[in-house]
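Trainee: Below: one structure in structure tokens.
Taken together, the values in this text are just the output of simple stated rules run on the coordinates, not laboratory data. On a predicted model such as this, the values are computed, not experimentally measured, just so you know. Cβ coordinates were reconstructed from backbone atoms using ideal geometry, including for glycine residues, and neighbour counts include every protein chain displayed.
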């Protein structure tokens, strides 16, 4: 047992994956402060129900669901202006391209952003994303298609185009 009474497996899981969970939350919310709050809340609530089956998957889903809840509560109105990104921790963005991509993601509607992050950052299947977001598989695919089309229009031509990725089950 850890010093504060937590299961050593849970403590190890958190220490190994907290940064990746925070990264997921930052990508989905667009705000480091909200992301930190979400991850902290999830880690506390999961600690109280520990142990759980498939703990890492459970944590990822819990973080994604809390992000989705926050985005829905915000009721952000899309504008033509790209919002300034309050996220400035360069540890997560080792390359300038990733930082640019992060800015582009923030310009997408929340559902499209969620779909791309879950699909490409966490390599989830369309059926898993559909279950997480409470939408149909066809909607997941159309949201991804619309998001990729929008990203293609807003990004300068590159030698490697944005593609739909591997065949999605």
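Trainee: For each of 103, 14, 26, count neighbouring Cβ atoms within 10 Å of the residue's Cβ, then give the residues from fewest to most.
Mentor: Numbers: 103 15, 14 18, 26 26.
Ordered from fewest to most neighbouring Cβ atoms within 10 Å, 103, 14, 26 come out as 103, 14, 26.
Trainee: Order 45-51, 7-13 from most to least packed using the mean count of other Cβ atoms within 10 Å.
Mentor: 7-13, 45-51
Trainee: Still on this structure: Beta carbons within 10 angstrom, averaged per residue: use that to sort the peptides 133-146, 106-119, highest first.
Mentor: Sorting 133-146, 106-119 by mean packing, highest first, produces 106-119, 133-146.
Trainee: Kindly put 132, 28 in sequence by how many other C-beta atoms sit within 10 Å of each C-beta, fewest to most.
Mentor: Neighbour counts put them in this order, fewest first: 132, 28.
Trainee: So if we plug the beta-carbon distance of residue 12 and residue 102 into 1/(1 + (r/R0)^6) with R0 = 25 Å, what FRET efficiency do we get, rounded to 0.05?
Mentor: The formula returns an efficiency of 0.30 here.
Trainee: What is the extension gain from residue 69 to residue 19, computed as 0.36 nm multiplied by their sequence separation minus the C-alpha to C-alpha distance, in nm to one decimal?
Mentor: 15.9 nm
Trainee: Give me 37, 126 ranked fewest to most by other Cβ atoms within 10 Å of their Cβ, as a rough exposure proxy.
Mentor: Lowest to highest Cβ neighbour count: 37, 126.
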